[in-house]
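Engineer: Pasting a structure here, questions to come.
The values are calculated or read from the model by the stated rules, or taken from the named source; none is laboratory data. Note that the coordinates shown come from a computational prediction; the quantities given were computed from them, not determined experimentally. With ideal geometry, Cβ positions are generated from the backbone for all residues, glycine too; neighbour counts draw on all protein chains shown. Each accessible area value is taken on the protein alone, full model and side chains, heavy atoms only, with ligands, DNA and RNA left out. Shrake-Rupley method; radii C 1.70, N 1.55, O 1.52, S 1.80 Å.
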Amino acid sequence: MATLLVRNATVLVTHDADRREIADGGLFARDGIVTQVGPTTELPDTADEVLDLRDHVVLPGLVNTHHHLFQTLTRAVPAAQDADLFGWLTALYPIWARLTPEAVRVSTLVGLAELALSGCTTTSDHLYLYPNGCRLDDSIEAAREIGLRFHATRGSMSLGESRGGLPPDRCVEAEADILRDSQRLVEQFHDSSRGALLRIALAPCSPFSVTPDLMRETADLARSLGVHLHTHLAETLDEERFCLETVGHRPVAYMESLGWMGPDVWFAHAVHVDDAEITALARSGSGVAHCPTSNMRLSSGIAPLQRMRAAGVRVGLGVDGSASNDGSNLLAEARQALLLARLELAERQRRDPAGLPGGTRQMRARQMRAREALETATLGGAAVLGRDDIGALAPGMCADFFAVDLRQPTYAGALHDPVAAVLLCAPVPVACTYVHGRPIVREGRLATIDLPPVLEDHNRIARELVQGG
Ligand SMILES: [Zn+2]
């Protein structure tokens, strides 16, 4: 049995039931599962692998709940730099139609590497185009190479332009093929066991790219197979208009009409939701992947993060696809979430001074705190993905964690509170990231793959895709 000992951390953040932060802390893990957390002096003296994290903060691994890893190939594409969602998609669909299996595999490697370097240990991915023989298997293979915990979602688009949808017809699939492949993937790859490194979920792309029939049939299939459901929802006002015009409902009511609410469902975005819709999300137990950078990048709007959390909605964070971020840095995303929540509060107070009595003290009491943002990125994400075995460092939990080195210029002058500093100071690459007790990042470098040649391939493929071929 392989054992791992982490010792001498300046602080070890547990996110356990008591939210303990242990000074001079560490943990002991056996076969990828934490068996002990505590001050270094109370832990065993040795293990198969001993990690001395003096001058580091150790935190539970971050959980990313929404991504499109293939978009790592199309960051900063000139035609999509300044567009809103529909314009951005329309500019990028023809480029994505040239994706190949190799492009999916290599972009997944690069996106996952970037996530791991930002402290992420578990990520979801939403692949919704399958041109030229691409399969979800291509991204699953890459995730296994890197070693991140992976929730691959079988995305889909079936409503092409000629039938009133947004994507070009050549980017959509036949619904029978989508359902058949969804079933194959769940049967072949889904692992429902505790500590699973790979799970599958089903994810029709958005209200404007799939039919109500496919939504219903996907939900039936997912529930018969015992896997979760994921889609984009209430991201932009254009989407809201589309839903009102085509199905006569606002987006959340549309999901209710399809039986698409519940603890087995999570939605990306939920930007344009009113109080009644927030209540409906909370009551049904539906989860939300909050993607602040993407929402700002595309001028989609400001999601009511703190109101959703206060209402009891399960909320995690998502970096969203790399073409609308344009990055996969989850620590940076947690920082954006905090900053945007503070801006949202100020905006609400400006709009409704009576409902939100002003005054500096009241404002401060309502501000999102650094530790809340970190928790949204760990426990919040775990809850959204339906997991109780990740998101905290405590006996019985997976040994998923990362550490930041406090001896960098970024943290100078912030050591009064090193935990808050991890969030409030500018995010820098982490020192190490472990998944299930296995090093993915070590001494600031990827430990599982040789990254430079992969980056070279990635840039070649990106050039070919964007220039056409
Ligand atoms: Zn997305």
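Engineer: Of the residues 409, 418, 395, only one is of a type outside the set (A, V, I, L, M, F, W, C), at negative phi, open to solvent by 50 Å² or more (accessible area, probe 1.4 Å) and in contact with a strand residue (DSSP E or B) (Cβ under 9 Å, 6 or more places away or on another chain); which?
Structural biologist: On inspection, the qualifying residue turns out to be 395.
Engineer: Taking the stated definitions as given, is residue 124 open to solvent by less than 10 Å² (accessible area, probe 1.4 Å), at pLDDT 95 or above and either within 16 Å of the ligand (Cβ to nearest atom) or in contact with a Lys or Arg (Cβ under 9 Å, 6 or more places away or on another chain) (or both)?
Structural biologist: Judged against the criteria, residue 124 is a match.
Engineer: Find the residue count for the stretch 281-315, including only residues that are within 16 Å of the ligand (Cβ to nearest atom) and either touching a strand residue (DSSP E or B) at 6+ places or on another chain (Cβ under 6 Å) or of a type in the set (A, V, I, L, M, F, W, C) (or both).
Structural biologist: Of the residues in that region, 9 qualify.
Residue by residue, here is whether (1) without any contact (Cβ under 8 Å) to a residue 60 or more places away in the chain; (2) part of a loop (DSSP other than H, G, I, E, B); (3) open to solvent by 50 Å² or more (accessible area, probe 1.4 Å) holds:
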residue: 293; (1), (2), (3): yes, no, no
residue: 315; (1), (2), (3): no, no, no
residue: 320; (1), (2), (3): no, yes, no
residue: 331; (1), (2), (3): no, no, no
residue: 346; (1), (2), (3): yes, no, no
residue: 357; (1), (2), (3): yes, yes, yes
residue: 373; (1), (2), (3): yes, no, no
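Engineer: Also: So which of 70, 86 ends up being within 16 Å of the ligand (Cβ to nearest atom) and more than 18 Å from the chain's Cα centre (by Cα)?
Structural biologist: Just a single option satisfies the conditions, and that option is 86.
Engineer: Name the strands (runs of 3 or more DSSP E) wholly inside the stretch 1-90 in which the number of residues that are open to solvent by 10 Å² or more (accessible area, probe 1.4 Å) is 1 or more.
Structural biologist: Correct list: 3-13, 21-30, 33-39, 49-52, 56-60.
Engineer: Given (1) closer than 23 Å to residue 368 by Cβ; (2) within 15 Å of the ligand (Cβ to nearest atom), where does residue 251 come up short, assuming only one miss?
Structural biologist: (1)
Engineer: Which of the residues spanning the stretch 221-241 are assigned to a helix (DSSP H, G or I) and without any contact (Cβ under 8 Å) to a residue 40 or more places away in the chain?
Structural biologist: 224, 240, 241
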